[in-house]
Amino acid sequence: MSVALPTLTPGDAPAVAQPSAILGTYKRAPMTIVGGTGAELADETGRTYIDFVSGIAVNALGYGDEGLRDAMHRAADGLVHASNLYRTEPGERLAAWLVAHSFADRVFFCNSGAEANEGAFKFARRWARSIAGPEKHEIVGLRGAFHGRLFGTLAATDRPLYRAPFRPLAGGISVAERDLEELETVLLADTVAALIVEPVQGEGGVRVLDPGYLRELRALTHERRVLLILDEIQCGLGRTGWLFAYERAGIEPDLLTLAKPLAGGLPMGAVLMTDAVARAIQPGDHGTTFGGGPFVAAVAEHVVQRLADPALLAAVRAHGAWLGEALTELAARSGAVRAVRGVGLMWGLDVQAPAGEVVERARAAGLLVCTAGEHTVRLLPPLTITHDELARGVARLEEAVGT
């Protein structure tokens, strides 16, 4: 539900953090978010912020969206849950829509991005066992990748601080350099089942993998009988200006993982796959109690149809081009920005100061941004953001970055 947003007073004092009973796995900002409209959020004091985080790429349609609200109300009038022991119409329709608009032949629904990647790992191993036996089981990720924090996905995630406290991690999963020559050697092994790649590495610094590089990876994995898993949990569903990021490179994967914006803020993930992979999966190989339930699936059907709108995707590309130019000019004026990277509405700035300090200064200026490493500030505005909101956000970002 949207709330009325008062005019921002840049000098307002931040809210004071209150004790919380929630486990401290996140270092949370001091204010409490209570509502929002469009690309703006409001805290409990009535202070407003332009949002360049979007719930970490979840809130693609922004805040207070009437269509999304109505879709949730309609969904609540029907079944909320029935379990995957039975078919339900919303889940069947959503799966059929995703198949019709992608490379895929089958879809598996779950509850989050990390679950989607864990499922993709299992499906890849099941396929590999069916064609070559148990020795073909290894999953390879790339340097700079982030695929989740469960044991399998953490082993494929290149963040030492995330990994170290939980060793030993899942076996048979490794991280390779992004170098093509090294990957040619790594994938030569008959033990490799799949290579998992983010077309845009989000947590790893917003590194956009070149379309030509992705085409080389696709050719290499085809040649070596290795499945290509594309993790589009953060960069998919319109974020790059294409419905799927792989379209920009002109390739098709064997498996694709989705989550974040899929159900408009409700927890949902998905694994899309070819028929060759799907044929290897047998009843009992995997499961989920809540995945693809009728309530979330009905809402997700509304969301994906909105995100596939050619006019919206064109606007994302246009706004992304403007934003890239604006950030490049900001970097030239500031001297405190070492590099600018991105595509569509997914950008990163490498800054001289610790990124966390820039995030705090931006919040004080009325802008929400997040980090993607110690010295990278990440920008993920809603896909429905207006040019005026973008421009005001960039002005506040420049204030936060400094000179």
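For LYS122, the aspartates and glutamates whose Cα comes closer than 19 Å to its Cα, not counting residues fewer than 8 places off in the same chain, are ASP105, GLU135, GLU138, ASP190, GLU198, ASP231, GLU232, ASP254, ASP275, ASP285. Annotation: amide H of GLU198 within the under-5 Å range of ASP231, sequence separation 5 or more or interchain, hydrogens built in the peptide plane. Think of each Lys and Arg Cβ as +1 and each Asp and Glu Cβ as -1; about the Cα centre, that makes the dipole of the chain roughly 560 debye.
Note on LYS27: lysines with a C-alpha under 23 Å away, same-chain residues under 8 apart excluded, are LYS260. Remark on the chain: ratio of C-alpha radius of gyration to 2.2 N^0.38 Å is 0.98.
The alpha carbons of the stretch 35-154 give a radius of gyration and a Dmax of 19.4, 61 Å, in that order. The amide H of MET346, built 1.01 Å from its N in the peptide plane, has no neighbour under 5 Å, considering only residues 5 or more places off or on other chains.
Between the alpha-carbon centers of the stretch 81-132 and the stretch 329-400, tell me the distance in whole angstrom. One Cα centre to the other: 35 Å. Amide hydrogen proximity for VAL175: with H placed 1.01 Å from N in the peptide plane, the residues at 5 or more positions away or on another chain lying under 5 Å are GLY141. For the chain, leaving out every one of the GluC sites (Glu not before Pro) that falls in a DSSP loop and has at most 14 other Cβ atoms within 10 Å, the longest unbroken run is 178-373.
Only the coordinates and a few stated rules stand behind these numbers; no lab work does. Just so it is clear, the structure is predicted and the values come from calculations on it, not from any experiment. Every residue, glycine as well, gets a Cβ built from its backbone with ideal geometry; the counts of neighbours run over all protein chains shown.
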